[in-house]
1. Label-point separation (nm) for Ser70 and Gln18, each offset 7 Å from Cα along Cα-to-Cβ?
2. Would you mind checking the radius of gyration and Dmax of the chain based on alpha-carbon positions, in Å?
3. For the range 88-102 and the range 1-60, compute the distance between their C-alpha centroids and round to whole Å.
4. Give me, ordered by chain and number, the residues 5 or more places off Thr59 or on other chains with an amide H under 5 Å from its own placed amide H.
5. What is the sum of charges around Phe116, taking Lys and Arg as +1, Asp and Glu as -1, for the other residues whose C-beta is under 11 Å from the C-beta of Phe116?
6. Within the range 98-131, which GluC sites (Glu not before Pro) sit in a loop by DSSP and count at most 16 neighbouring Cβ atoms inside 10 Å?
7. Please identify, among Val122, Val80, Val45, the residue showing maximal mean-square fluctuation in a Gaussian network model of the chain using a 10 angstrom Cα cutoff.
8. Using 7 Å Cα-to-Cβ label points, what is the Asn137/Leu118 separation (nm, one decimal)?
Amino acid sequence: MGYSARISVFGGRIIDEQTFSDTVEIGRLLAAENYLVYCGGGKGVMEAIAKGVKEGGGTCVGILKGPDKSEVNGHIDIPVSTGMGVGRNIMLAYNCDVAVAISGKYGTLSEIAFAFQLEKPVVGFGTWELDDIHKVNTPTEVINKVNDLINAK
């Protein structure tokens, strides 16, 4: 099965219930567009996005910090152990056509910075306020902006 594009989702491990719910919806929408989704594979945004992708019938790859699968959430289809710690953040930026940043702290900020350095567009949903982020306010706006950016390539 071919995928229409690769989307990496960056985001925080500690999130509130509304962010979790919105992120699950974003995952469903990404799956509906036949996007291959990458994330860090752990808790929080990563678990929510993988849950939504799975519910939508899509595939989610988890790029893990550790040397084994001990940190993987139960919704990841393909876990990739790296043993790289936070150094794995650059792998998420390399393996996307468009990135989506949701919530997050400094790990998310580093992923955004890597994406910018690699000239990858970043859609922001409740995340860092940076000039080059395509800021949106709803899950539907996330998918519409991602689609626009993919179609502009």
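What follows draws every value from the coordinates through simple rules; no lab data is involved. As the structure is a computational prediction, the values presented were derived from the model and not from experiment. Reconstructed Cβ throughout: ideal geometry from the backbone, glycine too, with neighbour counts over all protein chains shown.
1. 3.6
2. Considering the chain through its Cα atoms, Rg and Dmax are 13.5, 39 Å.
3. Cα centroid to Cα centroid, the span is 13 Å.
4. Val37
5. Values: positive: Lys120; negative: Glu111, Glu119, Asp131, Asp132.
Net charge in that neighbourhood comes out at -3.
6. On the way: sites: Glu111, Glu119, Glu129; in loops: Glu119, Glu129.
Of the GluC sites (Glu not before Pro), the ones in loops of the range 98-131 whose Cβ has at most 16 other Cβ atoms within 10 Å are Glu119, Glu129.
7. With Cα springs under 10 Å in the chain, the top fluctuation among Val122, Val80, Val45 is at Val80.
8. In this crude label model, Asn137 to Leu118 measures out at 3.1 nm.
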